[in-house]
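Each remark here refers to the structure printed beneath this line.
Where a number appears in this text, it was derived from the coordinates with a stated rule and is not lab data. Nothing here was measured: the structure is a model prediction, and the numbers come from that model. Heads up, the Cβs are rebuilt from the backbone with ideal geometry, glycines too, and the neighbour counts pull from every protein chain shown.
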Amino acid sequence: MNLNDLLPYFELYKELKDSGKETVLNDELQEKEQEFVNKEITVSGIVNEIDTQKNELIITHRDKSDESDKIRNLISNHFFIFSSAGNIDDILKQFNIQKNDLVKVTGNIISLHRQSVLRIKLSSVSVTEKNHGLIKASDKKGCFIATAVYGSRETKEVLRFYELRDNVLSKSFGGRLFIKFYYAVSPFLAKWIDDKPGIKSFVRKNILDKILEKL
């Protein structure tokens, strides 16, 4: 089975949420969850964290090509798969799995957490693409807002934001999510402020300059 087969669970969650009912300990939702526990599922995603102490691969679901529009609208944009295995070190070595690899994992469902987390007992994993990542190196874009504010992507201030992106933010899971979000919204914001000198000045003095002061 795949995420499409979990559609009844996600539909019920949305129905409960839209009606204003409690979803954390909702008996109806927990009962629906039990219909899928222990069933085998295969999901694709990007390895974001490898926790050898907890024997877990933490994966962000990415490959949505085989999913219905219904399921895409019901799960979170950052749907996480926590894949646990007693021999995680052996699996990592056998398949040469590293962070940012695009993988396909199969395992039995342990639990579901509303529309954002699936926990499975890992039985198999295969690498679809090495070093796929949330942000591929070849896909890196400019710092749109900083460029609009400082006037050129070659200014020393903008270059320092590139360093912040590449040397700090890209090194952590949360940072990579922020980069992805930034590139989704910043082109529109940069275009909007480009002909507004007052807003540019405000953003520079009160936001960007202050960030640079702390670096």
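Points to keep in mind about this one:
- Each listed q (0.14, 0.16, 0.19, 0.28 Å⁻¹) maps to a log10 I(q)/I(0) for the range 5-71, found by the Debye formula over equal Cα scatterers with no solvent: -0.62, -0.78, -0.99, -1.12.
- Going from the fewest other Cβ atoms within 10 Å to the most, the residues 182, 162 appear in the order 162, 182.
- Based on alpha carbons, the Rg and Dmax found for the chain are 20.8, 59 Å.
- Bridgeable lysines around residue 180 (alpha carbons under 20 Å apart, same-chain partners fewer than 8 residues away excluded): 64, 99, 130, 136, 140, 141, 171, 191.
- Here is what passes the span test in the chain: the DSSP H helices with alpha carbon length of 18 Å or more along the helix axis and a Kyte-Doolittle mean of -1.0 or above are 173-193.
- The mean sequence separation of alpha-carbon pairs under 8 Å and at least six residues apart, normalised by the residue count of the range 142-215, gives a relative contact order of 37 percent.
- With the highest mean first, a sort of the peptides 21-27, 155-161 on other beta-carbon atoms found within 10 angstrom per residue produces 155-161, 21-27.
- Dipole of the chain [Lys/Arg +1, Asp/Glu -1 at C-beta], most positive-end residue of 193, 110, 122: 193
- Placing +1 on each Lys and Arg Cβ and -1 on each Asp and Glu Cβ, with no other charges, gives the chain a dipole about its Cα centre of roughly 1140 debye.
- The range 52-62 - phi-based ³J(HN,Hα) in whole Hz, Karplus 6.51/-1.76/1.60, Gly and Pro as x: 6, 5, 8, 6, 10, 9, 9, 10, 9, 4, 10
- Proxy reagent accessibility, fewest Cβ within 10 Å first, across 179, 145: 179, 145
- Gyration tensor (alpha-carbon) shape descriptor, the range 137-213, a/c threshold 1.5: prolate
- Positive-pole candidate from 58, 144, 94, dipole of the chain, charges at beta carbon: 144
- Summing +1 for each Lys or Arg and -1 for each Asp or Glu among the other residues whose beta-carbon sits under 12 angstrom from that of residue 55 gives -2.
- Estimated 222 nm signal from helices in the chain, with DSSP H stretches of n ≥ 4 weighted -39500 (n - 2.57), rounded to 500: -11500 deg cm²/dmol
- If only the Cβ of Lys and Arg carry +1 and only the Cβ of Asp and Glu carry -1, the dipole of the range 137-213 around its Cα centre is close to 140 debye.
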